[in-house]
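Presented below is the structure to which this report refers.
The values are calculated or read from the model by the stated rules, or taken from the named source; none is laboratory data. Since the structure is predicted, the reported quantities are computational estimates derived from the model, not experimental observations. In this analysis, Cβ positions are derived from the backbone assuming ideal geometry, glycine residues included, and neighbour counts consider all displayed protein chains. With ligands, DNA and RNA removed, areas are computed over all heavy atoms of the protein, side chains included. Shrake-Rupley method; radii C 1.70, N 1.55, O 1.52, S 1.80 Å.
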Amino acid sequence: MYAVDLINRNPSLLPNKTLGFQVYNSCMGAQEELDGSLKMITGQGQSVPNFICKKMLSVSAVIGHSTSTFSILNAHVLGLYGYPQISYLSTSSILSDKTQFPSFFRTVPSDYFQSKGLAQLVLHFGWTWIGLLAVDDDYGRQGIHITMQELLRGGACVAFSKYITTNNLEHIYHVTKKIKESTAKVIISFMKDTDKVSLLDEMLRQNVTGKVFVASEAWSISNLLTVDKYFSLLSGSIGLSFHSTTIPGFGEFLNTINQNKNREHPWTKILWELTFGCNCLDKTSLTDSLDNSTFCTGNESLESILDIHDDLASLSTTYNLYNAIFVIAKSLHDMQTCQKGKGPFTNGSCANLQNFKPWQLSYYIQNSRVKLSNGRELFFDQNGDPPAIYDIVNWQVSADGSMKHVKVGSYDTTKADGNYFLLNASAVMWATGQGQVPVSVCSQSCPAGFRKVLRKDLPVCCFQCVPCPQGEISNKTDSLDCFKCPWDKWPNAQKNKCLLKNREFLSIEEPLGAALTATGVLSSLLPIFIFGIFMCYKNTPIVRANNFSLSCLLLMSMSLCFLSSLAFIGYPMPEKCLLRQVAFGTVFTLCVSCILAKTIMVVFAFMATKPGSNLRRWTRPWLSYMIIALSISLQLMLCITWISFAPPFQTDNIQSQPGIIIAECNEGSYTAFWCMLGYLGLLATISFIVAFLARRLPDSFNEAKFITFSMLVFLSVWVSYIPASLSSTGKYTVAMEVFAILSSSWAMMACMFAPKCFIVLLRPEMNSRDHLMGKIKT
């Protein structure tokens, strides 16, 4: 009444036209609903299928029904004529099928959007272990079906899905038992408030607690369930309700209604009796047995019990009906203002407002856009559905001890940025009375450093948390897999991030490297010191008898041997890797070849002293230099071939020790390396054999026996190095080689020169020709 009156008094909407309305009662059932539809189409007091008995339409459009079942029945008939039908409360998603219902529209969103919204609301709070309840009808089954699809798509799981038959108490008992036993704390419920009462009563009997209900619009703002006994079950519930707002001027309109002033309207009587609980019958026509207190006085006022801001703002059904009326009016207005030649029909024609076809009004309704009082715009998509906008309501116990439906946000699918939810989290009150969101998960989230392993025969939301294996991490919660760190990184202790690996090499800054460096440097000075002694005593018999020139060359090579160890200490740069083994092999070959030349010269010297010997010419210095040159040449050829075809290079070894990058030199060709070392061993072996055979040659100071000892120690050191190097890793392999270089060099220097220095410095009386010739007995 209010909406039609508002339109008729609006000069800019349908000017010079007056709207009216007819009301049909369909409370008795489907037969009455179908009968009313046929009467509207026929235009007669009786229903005549497939006939229109009036030349002009008596009714432009139909508003209703509130129940989806009846709307479907109406839409099947009205759709055959293209008769426009707008429902303000039918939410079944079936009605979105334009092939079946071509002229059906509604100002309330389809259940499809509600089901998606409920699922996304659950996911928004991080709930992944959900129970689903619904009444066993089309509304409940479609709601659960769509919601379940959306939940699974969002990564959540359904703990149970149950349909309730409200008149079967045994069935309700078993459903309630399932709810109690389930670990799911959140339950989405698709049912009317009248259907939910029996379930809540059974939950009270079984003492079910700790559950959070997510309500569909069918009961999300129900006053039937706000009684005290359900507080423990429904406090903290959250759900979706149809978007509503205050209808401008409607509160003032209601406040003007009075039973005495509006007796001509039958609705006034019904409203009065329901609101004030009184009887509006004429007292004079009744017996005196009725209590006068049951009669309406006519002085009652809606204003005394009506809160315009709270009560009217929650009348979502009324608001949707109000919008439906304005959509029809706006469509008729668009039809009236159509300009000939610019119309939407054949050849730009327009419809005649006095005698239009039903399908023509359906066209205008489909394309209408109505500006609403709250600033939004109402229009219909290709399925006849309006933009899906819901209020998010939270059931809270207020300070006065009553249950309130508090709007805490909205779900608006018209948002272009995809942020459909607008939620004031601080306004939500949960049953615990705390601001922390309840938890409903099958398994607690796996922290970073763990991965999820599904449990057998359980949904994907039920899993175990397994630590990442060695060398792998997961840097987010609920990770399905762990992944390896980059080659130069290693997991931290928590295995949730990668840290740079420590680089290991024999550093001069660490104690081991510093000790070996100091030993090498100081040791290299000792041969120079001995060389100085030999220079000072070069004319003495013992120095001259030991081939002064060859001894000096040997001392210099020994100093270089000590210094060659320094190339193995410090960061293995490419240049160092390329030359360190070559330098080591070359200087040691020089050293060992000098000893070999000494050994051969000793043998030739004694053999040349025999009568009639022809070996005297082989005792000259050039032979020893030739031996040295030939030995070094062969080693140099081997090294040049090595660095030409498979040169050593710097590499990072990440395999030997987990978590550590070993900066080392790859020898390029280990065959060439061992050939170089083997050649060095061959020279030392020859020197050892020759010296061993010459150890008993007659002389009071036979150098061959010292060479024998020096080569024996030299070979022992390097033979021991082979298994030691193969069993060690990283910097310790390098340290083993440095130790072998230093120890073998010390062995040669000690065995070769310690006795001479002892005689030169401490026993000068032995440093004489007679003593060397054995003429003086000690």
All strands (runs of 3 or more DSSP E) inside the range 382-492 with 2 or more residues being at pLDDT below 85, β-branched (Val, Ile, Thr) and within 26 Å of the chain's Cα centre (by Cα): none
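Going through the range 125-140 one residue at a time, which ones are over 13 Å from LYS192 (Cα atoms) and not in a loop (DSSP other than H, G, I, E, B)?
Hits for the range 125-140 are TRP129, ILE130, GLY131, LEU132.
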Scanning the range 416-463 for residues that are charged (D, E, K, R) and touching a Ser or Thr at 6+ places or on another chain (Cβ under 9 Å), which turns out nearest to LYS185 (Cα to Cα)? ARG455
Could you check the range 703-733 and list, in sequence order, the residues that are open to solvent by 70 Å² or more (accessible area, probe 1.4 Å) and within 23 Å of PHE758 (Cβ to Cβ)? LYS705, PHE709, LEU712
If you go through the range 63-87, how many residues are over 49 Å from the mean Cα position of the chain (by Cα), of a type outside the set (Phe, Trp, Tyr) and open to solvent by less than 40 Å² (accessible area, probe 1.4 Å)? 6
So, of the residues in the range 257-284 that are modelled with pLDDT under 80 and of a type in the set (A, V, I, L, M), which turns out to be nearest to GLU303 (Cα to Cα)? ILE257
Enumeration of residues in the range 92-107 that are buried (at least 24 other Cβ atoms within 10 Å of the Cβ) and either out of contact with any Ser or Thr (no Cβ under 6 Å at 6 or more places or on another chain) or not in a loop (DSSP other than H, G, I, E, B) (or both): LEU95, PHE104, PHE105, ARG106, THR107
Do we have any residue at all in the range 155-171 that's on the phi > 0 side of the Ramachandran plot and out of contact with any helix residue (DSSP H, G or I) (no Cβ under 7 Å at 6 or more places or on another chain)? yes
Within the range 521-535, identify whether any single residue is at pLDDT below 90, open to solvent by 30 Å² or more (accessible area, probe 1.4 Å) and either assigned to a loop (DSSP other than H, G, I, E, B) or in contact with a strand residue (DSSP E or B) (Cβ under 7 Å, 6 or more places away or on another chain) (or both), and answer yes or no. no
Among (1) farther than 30 Å from PRO387 by Cβ; (2) in contact (Cβ under 8 Å) with a residue 60 or more places away in the chain; (3) open to solvent by less than 40 Å² (accessible area, probe 1.4 Å) - the single one VAL428 does not satisfy: (1)
Among residues of the range 614-661 being exposed (fewer than 14 other Cβ atoms within 10 Å of the Cβ) and part of a loop (DSSP other than H, G, I, E, B), the residue modelled with the lowest pLDDT is ASN614
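Condition first: open to solvent by less than 60 Å² (accessible area, probe 1.4 Å), more than 30 Å from PRO467 (Cα to Cα) and in contact (Cβ under 8 Å) with a residue 40 or more places away in the chain. Now tell me which residues in the range 499-517 satisfy that.
Matches in the range 499-517: PHE505, LEU506, SER507, GLY513, LEU516, THR517.
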Considering residues of the range 577-586 that are surrounded by 19 or more Cβ atoms within 10 Å (Cβ to Cβ) and of a type outside the set (Gly, Ala, Ser) only, the residue farthest from the chain's Cα centre (by Cα): THR586
From the options ASN496, ASN539, residue that is part of a loop (DSSP other than H, G, I, E, B), open to solvent by 30 Å² or more (accessible area, probe 1.4 Å) and touching a strand residue (DSSP E or B) at 6+ places or on another chain (Cβ under 8 Å): ASN496
For the range 111-132, indicate whether the set of residues that are farther than 15 Å from VAL214 by Cβ and in contact with an Asp or Glu (Cβ under 6 Å, 6 or more places away or on another chain) is non-empty. no
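MET752: in a helix (DSSP H, G or I) and open to solvent by less than 10 Å² (accessible area, probe 1.4 Å), yes or no?
When the stated conditions are applied, MET752 passes them.
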Of all residues in the range 560-576 being part of a helix (DSSP H, G or I) and open to solvent by less than 20 Å² (accessible area, probe 1.4 Å), the one that is farthest from ALA629 (Cα to Cα): PHE568
So GLN149 ticks every box in (1) without any contact (Cβ under 8 Å) to a residue 40 or more places away in the chain; (2) over 30 Å from PHE70 (Cβ atoms); (3) open to solvent by 50 Å² or more (accessible area, probe 1.4 Å) but one. Which box is left unticked? (2)
Could you list, in sequence order, the residues of the range 160-176 that are hydrophobic (A, V, I, L, M, F, W, C) and open to solvent by 70 Å² or more (accessible area, probe 1.4 Å)? LEU169
